[in-house]
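The values are calculated or read from the model by the stated rules, or taken from the named source; none is laboratory data. Since we're looking at a predicted model, the values are computed, not measured. With ideal geometry, Cβ positions are generated from the backbone for all residues, glycine too; neighbour counts draw on all protein chains shown. With ligands, DNA and RNA removed, areas are computed over all heavy atoms of the protein, side chains included. Shrake-Rupley method; radii C 1.70, N 1.55, O 1.52, S 1.80 Å.
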Amino acid sequence: MSSGHDDSSSSDSHKSFKFDIVGGKVTAAFELDDGVWKSKSIDDDGSETYDIVGSEVIRTEVKPFGTEITRYADVDGDTVYLRVSEQWKSSSGAPDDGHHFKFEDSLSFSPSDNDDNIAVRGGEDCHGGHGADDFVIREAAHLRIGDFNSSEDDFIIFDTGLGLASIAQLASFVTDVHHDGQDFIVHFGDDVSITLVGVQPDQISWDDVSVLS
């Protein structure tokens with residue numbers, strides 16, 4: 001596989017990945033960044049492993065307080081993989097100090113017509129389906145949620161692992177809230193924001209938000 005070069009075969013709405021697979025093992029990983037495939041480091045200390053299961057690549061990373069499992073799939077056979085899901089599993093005996101993720105169900109990167117747990121990530125096209133969806137935020141970035149609908153019992157969950165203890169504490173970090181005529185936008189400083197696409201100010205409240213960590 002030729003990977004450190006310009007490539008137009010990617011999704012505009014989801015991060016794209018490629019893997020060099022030799023003898024059923026992943027030997028190199030790449031992420032598309034501004035049209036160029038850039039190499040991603042693979043830890044060789046045993047904390048990060050890749051497994052091939054059918055048409056999927058499963059990445060497992062062991063961290064101090066638990067394990068993160070990410071599934072990638074090449075759905076159309078073009079050798080470009082998209083993230084399908086990720087899941088956090090806490091280590092046995094991990095301290096309950098708020099400085100690690102709490103939500104342990106699998107998070108999806110694509111919606112269904114059921115009640116979904118949706119991963120909200122920077123650079124991703126984040127959409128729910130027709131059910132009551134939980135949008136789970138785990139990173140400080142500029143984030144967009146495409147179809148939040150409180151009338152369908154959609155919910156926004158902050159599971160940052162940063163020790164947030166309450167909605168009041170989260171609200172204290174808000175630096176600006178405005179509506180541009182189409183979208184509802186909340187800023188947490190210059191580098192972090194959440195845009196709710198197509199949401200009017202009277203269609204969202206703190207009652208639609210939960211803080212886990």
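What tally of residues in the range 51-72 results from selecting those that are within 19 Å of the chain's Cα centre (by Cα) and closer than 20 Å to Leu82 by Cβ?
Residues meeting the conditions: 11.
For the range 152-178, name all the residues that are without any contact (Cβ under 8 Å) to a residue 40 or more places away in the chain and in contact with a helix residue (DSSP H, G or I) (Cβ under 8 Å, 6 or more places away or on another chain). Show your work before the answer.
Going residue by residue through the range 152-178, those that are without any contact (Cβ under 8 Å) to a residue 40 or more places away in the chain are 152-153, 168, 171-178.
The one that is without any contact (Cβ under 8 Å) to a residue 40 or more places away in the chain and in contact with a helix residue (DSSP H, G or I) (Cβ under 8 Å, 6 or more places away or on another chain): Ala171.
Restricting to the range 57-85, what's the tally of residues that are of a type in the set (D, E, K, R) and modelled with pLDDT of 95 or more? Break it down stepwise before answering.
Going through the range 57-85, the residues of a type in the set (D, E, K, R) turn out to be 59, 61, 63, 68, 71, 74, 76, 78, 83.
Pick out the ones that are also modelled with pLDDT of 95 or more and you get 59, 71.
Counting residues in the range 57-85 that are of a type in the set (D, E, K, R) and modelled with pLDDT of 95 or more gives 2.
Specify which of the listed residues (Asp44, Asp115, Asp105) is surrounded by fewer than 17 Cβ atoms within 10 Å (Cβ to Cβ) and either more than 30 Å from Leu164 (Cα to Cα) or among the aliphatic types (A, V, I, L, M) (or both).
Values: Asp115 fails: either more than 30 Å from Leu164 (Cα to Cα) or among the aliphatic types (A, V, I, L, M) (or both); Asp105 fails: either more than 30 Å from Leu164 (Cα to Cα) or among the aliphatic types (A, V, I, L, M) (or both).
Just one listed residue meets the conditions, Asp44.
Can you give me the number of residues within the range 185-203 that are in contact with a strand residue (DSSP E or B) (Cβ under 8 Å, 6 or more places away or on another chain) and open to solvent by less than 30 Å² (accessible area, probe 1.4 Å)?
Total satisfying the criteria: 7.
Can you work out which of the residues in the range 72-87 that are out of contact with any Phe, Trp or Tyr (no Cβ under 8 Å at 6 or more places or on another chain) and not acidic (Asp, Glu) is farthest from Thr60 (Cα to Cα)?
Residue satisfying both the conditions and the ranking: Gly77.
Out of all the residues in the range 57-70, is one or more part of a loop (DSSP other than H, G, I, E, B), among the hydroxyl-bearing types (Ser, Thr, Tyr) and either within 23 Å of Glu31 (Cβ to Cβ) or open to solvent by 60 Å² or more (accessible area, probe 1.4 Å) (or both)?
At the first step, the residues of the range 57-70 found to be part of a loop (DSSP other than H, G, I, E, B) are 64-65.
Cutting the leftovers down to among the hydroxyl-bearing types (Ser, Thr, Tyr) gives us none.
For the range 57-70, residues part of a loop (DSSP other than H, G, I, E, B), among the hydroxyl-bearing types (Ser, Thr, Tyr) and either within 23 Å of Glu31 (Cβ to Cβ) or open to solvent by 60 Å² or more (accessible area, probe 1.4 Å) (or both): absent.
Test His142 against the criterion of being open to solvent by less than 70 Å² (accessible area, probe 1.4 Å) and in contact with a Gly (Cβ under 8 Å, 6 or more places away or on another chain), and give yes or no.
Details: open to solvent by less than 70 Å² (accessible area, probe 1.4 Å): no; in contact with a Gly (Cβ under 8 Å, 6 or more places away or on another chain): yes.
So His142 does not fit the description; no.
Of all residues in the range 151-170, which are of a type in the set (Gly, Ala, Ser) and surrounded by 15 or more Cβ atoms within 10 Å (Cβ to Cβ)? Break it down stepwise before answering.
So the first thing to find is which residues in the range 151-170 are of a type in the set (Gly, Ala, Ser), and the list is 151, 161, 163, 165-166, 168.
Once the filter is applied, which keeps residues that are of a type in the set (Gly, Ala, Ser) and surrounded by 15 or more Cβ atoms within 10 Å (Cβ to Cβ), the range 151-170 yields only Gly161.
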